[in-house]
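In what follows, a structure is listed as structure tokens, so that the remarks can point back to it.
Just so it is clear, none of the values below were taken in a lab; they were calculated from the coordinates. All values derive from a computational prediction rather than experimental measurement. Methodologically, a virtual Cβ is constructed for each residue, glycine included, from the backbone with ideal geometry; neighbour enumeration extends over all protein chains shown.
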Amino acid sequence: MGKDKVDLRVLKTKKSIKSAFITLVPKKGYERITVQDIADEAMINRNTFYLHYEDKHDLMEKLCRDSMENLNVCLSLNTLDIYTINKEMLTSILDNIFQNVESDLDFFKVMLDLNSQPSFTFYLKEVLKNYIVNALRDQYQEKDMKVGLEYIVSGLVGIICLWIRESNNLKHKAIVEQLSNIHFYNIQEVFFKENTGRNNEEIKHD
């Protein structure tokens, strides 16, 4: 029981620190905020902050990694097989991605701040790319697939970033439907065509 209480206090403290960070970055800018600013906003002392983070850079890095881990967990609920996927499955996966981002939208908006955007987009691309690579298995080593995957993932991340910035005007359900239409045919072109070509070559050799 004692351990549970300690863990709960830690979670509450980290939640307060995250909330303070999200509040301060738009007001002061990432470069200008200090650990003391964050501690004051979170209503904790500096020593408490340093129990969990080395500095504000470590805080941002860990917050970003935590969010990407949450996205990883979300994606793991949908087993992806590129060669059996249909449009309904793709729509469900995309919807889960957008719902996950929407659940922490204020944080993601902060991550699209000029100073922190590269980290956010890099991590987001890596999560999505790894998810698809695991579904491709050994076939990812083919050059054409690497190019196609980079094209699809970069486009998807770009649309997610657009939606985060304009979430008041763009409904994620409508975007998911558009993305599903676009990317399903892209996936067919990039991955299915490659697979069909390989099978044809095997038939010729036989």
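What fraction, in whole percent, of alpha-carbon pairs in region 1-74 exceed 22 Å separation?
25
Run the simple label-point estimate for Glu31 and Ser92 please: 7 Å along Cα→C-beta, distance reported in nm.
Those two pseudo-labels are separated by 4.7 nm.
How long is the gain from Ser76 to Ala174 if the chain were fully straight, where each residue apart is worth 0.36 nm and the alpha carbon distance is subtracted?
Gain in length upon complete extension: 32.9 nm.
Taking R0 as 41 Å, what's the FRET efficiency between Asn45 and Thr84 from their Cβ-Cβ distance, rounded to 0.05?
Plugging the Cβ-Cβ distance into 1/(1 + (r/R0)^6) gives 0.15.
Extending each Cα 7 Å along its Cβ direction at Ser154 and His52, get the distance between those two points in nm, one decimal.
It is 3.7 nm.
7 Å from Cα along Cα→Cβ at both Lys146 and Leu11: what's the point-to-point distance in nm?
So the two model labels end up 4.2 nm from each other.
Counting other Cβ atoms within 10 Å, which GluC sites (Glu not before Pro) in region 1-74 have at most 14 and lie in a DSSP loop?
Sparse-neighbourhood loop GluC sites (Glu not before Pro): Glu31, Glu54.
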